[in-house]
Every structure is written in structure tokens, then in C-alpha cells.
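A short worksheet on the structure shown next.
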Amino acid sequence: MASAVVTRSYELVSRPPAAVHIPALDGIRGIAIAMVLVVHLWPLPWVPPFVHLLVAGVDLFFVLSGFLITGVLIDHRGRANYFRNFYARRALRLTPLYVSYLLLIAFALPALHKAIAPKLPHYNGNWWMFVTYTSNWFPHLRPPYLEHLWSLAIEEQFYLVWPLLVAFLPLSRLPYACIGVVIGCCVFRVVSATQGVPAFDLYYATFARVDCMAFGAIVACGLRDEDFGRTLRKFGKAAVVLATAALMVDLSLSGGTLPSAMPMRLIGQPAISILFAAAVYFAATRPLPQLEWRPFRSLGKYSYCIYLSHLVIGHHISLLAAVMIRSFPDRSHHIWIMLAAFVVTITLIIWTARLSWIWLEKPVLSFKRYF
């Protein structure tokens, strides 16, 4: 088995892949967060069908995470403090900002609302599901400003189990274990659907979503195992063609507007994951200047805080926009107010994320050198 890496010249060499930064992957992360922003903050009353499909930005995050995390784990497998270092580095990346956001929603936001607008919503429910990263198992609660944390919960559950699989499974079998995870998730969704489980619940269930990470993990294995890499390239094109055809069938069945409908869960999700995995593979194996465009890379760099903060900022700016709309009886002004509010929202979100990176995330990440 060869330990391979994709360098800036996109050639396979023998040093650890995790040591190499691939700018195009930052661009993919930036595209993913842009998709999420558009689908959650779309400002106009009419919503084109394509906007609903941008919810797949979360799937793109999952695929990319599976690729990156699996690569890091493979490259550090067998080293001293394998588990300690992995979990410490993940905690440094995720926990400080996550806890800060929970404290903001728990204490600062209610105090602000009490001072300026007591009728604005805030969350007084159970916090344990957010502290334990299990909120995705309670999707019907939909707490204000916290409903999007379900995806981070799935990521954390993945981080809990995946290092064990990589550490103790022979590397020659790891790609096939990933394929087994994909098949298992597909079977879980089909069986759940036949038992009457709603598509809404399957959208948030860990066992119905972790195949997205497994697709990314398959790509990571293919770039580090020459034998499996040849197999991946041999069948990859056919998989992309079949996935594209399956996605077209899914869109025809769901009308192209219901990303949480059952056809999307059973057909569309694995098809989209295959296409996203192919995009990650191409970004990691050949120069793609389009993905290295600076705005995409900047969005990718700040994507974590953008994802955490976008709903709370967007909601409050939309309330201000609603007040302005009521003061203008002429409806011709309304669309411009909504568009202006959208621009202000995006600007505030990006600057919030930028300041978070400078003042919190980057200083904390400097401690990674100890792990």
C-alpha cells in the first residue's frame, strides 16, 4: 500500500497527505456555506425551485468533512497519542466558538430582547441536547436560533466513532467498510420509509446521513491506496453518470422543490453525495483555479462562524426590514428594502465571522501545535 499525497503540483508523492494544504478545498467549503446562506436567507417572497436544492450545501459539508477527517486519521494512524491528538485538535477547532454561541443565545440575547423588544423569541428549553451534540434526534423541537445545530451534532457523532474504525480496521479493508456504511445507510432509509418513518425525521437521523461522510472517506482512501485508487477511477465515471441520472429522476418525482421529501432521501441524497465526492476528488487531484477564487476561499475560511451566526443575524435584520416595509405603503419599494436587508445581513455575517477568526478562533487554534 502506498502512502500518497496530492501536492500543489497535483502529483502523488510519498509524504503524508495531511501535511499538504489544497486551496481548492477551501473553495468547495466556501461554495457549501454560500449555498446554505442563500437557502436560509433568501430575501424575496417568490422562491425559484433551485433555491430549495441549495440545502444540499449541508451534504457538501458532510462529504468534505468525511474526506478531510479520514485523510488526517489515516495519515496519523499508529502514531503516539493518536486519539488524544485527534480529539484535542477537534475540540480546539469546534468547542470555543460553539460554547460562545450557546452562551450568547442563552444569556446575552434574552437580555437584549428584554431591553428592546420583549416579544422577540428566545430559547428557554432543555440545553442538554446541545451540550451533548444530540439535537438532531429531536428535530421537531425547532428552538429559535438553534435549529441548525443538528448538522454539527451529526459531525460530532461521526468524530466519536470514526477514529476507532480507522485505528483498528486494516487499511486494506477501510474503503470497503466505507462502502458498507453507504449501503447500510441506504438500507436504513428504505426500511424506515417502509415502516412509515417520515422523510422529515430521516433528514436529521444520524444513521440516514452518515453515508455522506462515508462517500468523502472513500475518496480519501482512494488517494492513499493505489490499488483501491485504480478501482475508484475505473468505476468513478460510471458512478457519476448513474448519480446524475438518478438525481434527474428524483427531481422529476419530487417536483424539484422538496429537498426533504422521501424521493430525495432515498434517491437524491446518495446521488448528490456521489457528485459532491467526485467534485472533492477533482479538487484534490488537479488544478481548478475556479475553486481557488479568493471570495470562495475566504468564505471557506470563515465558514464555521458564518454557519453558527447566520440565522440569528438574519432574523434580526429581517425584523428591521419588516418595520421599514410597514412604513412604505408603496409596494414598489418593498423588494428593494428586502434586497438591501439581504446585503446588510450577509455583510454583518461575514464581518462577525472575520472578527471571530481574529479574536477567538485563530488564537485558540495556535494551541494545536501541542497536539
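Values in this text are rule-based calculations from the coordinates and carry no lab data. Computed from a predicted structure; not experimentally measured. Cβ coordinates were reconstructed from backbone atoms using ideal geometry, including for glycine residues, and neighbour counts include every protein chain displayed.
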Fill in: Environment charge at SER298 (Cβ cut-off 9 Å; Lys +1, Arg +1, Asp -1, Glu -1)
+3
Worksheet, complete the sentence: Under a Gaussian network model of the chain whose springs join Cα atoms within less than 10 Å, the largest fluctuation of MET262, MET35, MET338 belongs to MET338
Worksheet item: What is the fewest-to-most order of ASP330, ASP26 by other Cβ atoms lying within 10 Å of their Cβ?
Response: ASP330, ASP26
Worksheet item: Given +1 on the Cβ of Lys and Arg, -1 on the Cβ of Asp and Glu, and no further charges, what dipole in debye does segment 283-371 carry about its Cα centre, rounded to the nearest 20?
Response: 360
Worksheet entry | ALA167-ARG230 pseudo-label distance in nm [points 7 Å out on the Cα-to-Cβ vector] | 3.3
Worksheet entry | Cα-projected label distance for LEU103 with PHE282, points at 7 Å along beta-carbon direction, nm | 4.4
Worksheet, complete the sentence: Ranked by GNM mean-square fluctuation in the chain (Cα springs under 10 Å), the top entry among ALA239, ALA111, ALA24 is ALA111
Worksheet item: Which residue fluctuates the most in the chain, going by a Gaussian network model with Cα springs under 10 Å, if the choices are VAL323, VAL51, VAL161?
Response: VAL323
Worksheet item: For segment 215-371, rounded, prolate or oblate, judged on the Cα gyration tensor with a ≥ b ≥ c (square roots of eigenvalues), a/c < 1.5 rounded, else prolate if a/b > b/c?
Response: oblate
Discussion item. Using only DSSP helix segments of four residues or longer, with each worth -39500 (n - 2.57), what per-residue ellipticity at 222 nm results for the chain after dividing by its residue count and rounding to 500?
Written reply: -21000 deg cm²/dmol
Worksheet, complete the sentence: By the DSSP-based rule, helices of the chain that are at least 18 Å long along the axis (C-alpha) and have a mean Kyte score of at least 0.0 are 23-41, 57-75, 82-103, 150-168, 174-194, 226-254, 269-285, 303-326, 334-356
Practice prompt. Classify segment 184-254 as rounded, prolate or oblate from the Cα gyration tensor: take a ≥ b ≥ c as the square roots of its eigenvalues, call it rounded if a/c is under 1.5, otherwise prolate when a/b beats b/c and oblate if not.
Written response: oblate
Worksheet item: From the Cα gyration tensor of the chain, with a ≥ b ≥ c the square roots of its eigenvalues, which class applies: rounded if a/c is under 1.5, or else prolate if a/b is larger than b/c, or else oblate?
Response: prolate
